[in-house]
């Protein structure tokens, strides 16, 4: 009989906090969504906690909602997404000599070479969040995904290492703990989001994930099925709303409503005669304005976001080199015209990324706003399934469980 376990993904954002609770099959890693909680939040700014109490209350609220929808299931641990301007990444290499008499590569050797790749110079206030093996090389032969059991004298690995500010991460963990929960693991949000919104075939071809959130736009690029580059752009949907608020002299709430209900990323896509109504600050009645005026305020900020994504593609050396194109998700992706605008600026095919590969309440979460929370669940579910496989294999080949734990970091 397959073992099951509850996994909760917690996406703490600038404008919203979301919890997705899933029933996970530990043998296969498949997840059925059984509870969802969503609430507005204001305790974060650009992925960084600025109000402990507000963030803690938002966490309590969404977890409680998810538990009640799941039939009063009680959870103790959550998988938490992290993002923010403090995040940085690099690709590193590790190399070791195989010292066993028969020169056969063991799980212990893989553990050692991955650990060797993690030996990088870090300031004391920073920590490694992930070190993800991208591929191995045995005696100069590249492109090896699993070297265990092979013969060779020299083992190399290339890893993608993600680091972050220990202080900022500790503050996120503190908010979770104050909500009477424990952090099972922290996962970089674009890596988690890709698990829900990007196809494996797209990763194999080469693809760029763009997650437009409230305070940040998260970017992850994949080549040959593996993560290659990650970046956090400190601009998101709240900046668009603030532009509307200033440009139309209205409240932040009214600007957000106008953006969602009547906004468009490109002026050229708005019909000339279309109008909308908005209430200015201090006014008693709403006034009528052309929708093209609203779009003319939104377009420059959306262009700035997408141009910064293009700059990241250039930095990674992948502009024009990703046959899988781009997948755009997050709340900002819901703005009409965003996909077309992205195709124009990035010069590649772009599609809207929706959560996939989950069962249960899948209709409830069929929106880009849930991509990260669901991705956290899927990412954790795959890690659990990997560890289960490791436990089975370890009975025949000792030490593999620890190796998989290392690769999952």
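Scanning the stretch 6-40 for residues that are modelled with pLDDT under 90 and either farther than 14 Å from residue 361 by Cα or out of contact with any strand residue (DSSP E or B) (no Cβ under 9 Å at 6 or more places or on another chain) (or both) returns 25, 26, 27, 28, 29. Residue check: residue 93 meets all listed conditions (1) within 28 Å of the chain's Cα centre (by Cα); (2) more than 30 Å from residue 31 (Cβ to Cβ); (3) assigned to a helix (DSSP H, G or I) but one, namely (3). Within the stretch 133-155, the residues that satisfy the criterion of being touching a helix residue (DSSP H, G or I) at 6+ places or on another chain (Cβ under 7 Å), touching a residue at least 60 places away in the same chain (Cβ under 8 Å) and surrounded by 19 or more Cβ atoms within 10 Å (Cβ to Cβ) are 133, 155. Cβ-Cβ contacts under 6 Å between residues 6 or more apart (or on different chains), taken from a first residue in the stretch 373-386 that is surrounded by fewer than 24 Cβ atoms within 10 Å (Cβ to Cβ) to a second residue that is at pLDDT below 85 and assigned to a helix (DSSP H, G or I), are listed as 383/408; 386/404.
Are any of the residues in the stretch 54-61 at pLDDT 95 or above, under 30 Å from residue 221 (Cβ atoms) and not in a strand (DSSP E or B)? Step through it out loud before you land on a result.
Here is the first cut: in the stretch 54-61, the ones at pLDDT 95 or above are 54-61.
Okay, now just the ones that are also under 30 Å from residue 221 (Cβ atoms), so 55.
Cutting the leftovers down to not in a strand (DSSP E or B) gives us 55.
The answer is yes, given that some residue of the stretch 54-61 is at pLDDT 95 or above, under 30 Å from residue 221 (Cβ atoms) and not in a strand (DSSP E or B).
For the stretch 74-94, a tally of residues being surrounded by fewer than 20 Cβ atoms within 10 Å (Cβ to Cβ), in contact with a helix residue (DSSP H, G or I) (Cβ under 8 Å, 6 or more places away or on another chain) and not assigned by TED's automatic domain parsing to the domain that holds residue 128 returns 2. Close Cβ contacts (under 8 Å, 6 or more residues apart or on different chains) running from residues in the stretch 107-126 that are under 27 Å from residue 86 (Cα atoms) to residues that are at pLDDT 95 or above and assigned to a helix (DSSP H, G or I) comprise 125/166; 125/167; 126/166.
Given 236, 263, which one is closer than 30 Å to residue 33 by Cα and surrounded by 22 or more Cβ atoms within 10 Å (Cβ to Cβ)? Can you show your working first?
On the way: 263 fails: closer than 30 Å to residue 33 by Cα.
Result: 236 is the single residue among 236, 263 that is closer than 30 Å to residue 33 by Cα and surrounded by 22 or more Cβ atoms within 10 Å (Cβ to Cβ).
The number of residues in the stretch 16-46 being over 25 Å from residue 358 (Cα atoms) and either touching a helix residue (DSSP H, G or I) at 6+ places or on another chain (Cβ under 8 Å) or surrounded by fewer than 19 Cβ atoms within 10 Å (Cβ to Cβ) (or both) comes to 5.
The values are calculated or read from the model by the stated rules, or taken from the named source; none is laboratory data. Note that the structure is a prediction, hence the values are computed from the model and not measured. Because the Cβ atoms are built from the backbone with ideal geometry, glycine has one as well, and the counts that use them run over all protein chains shown.
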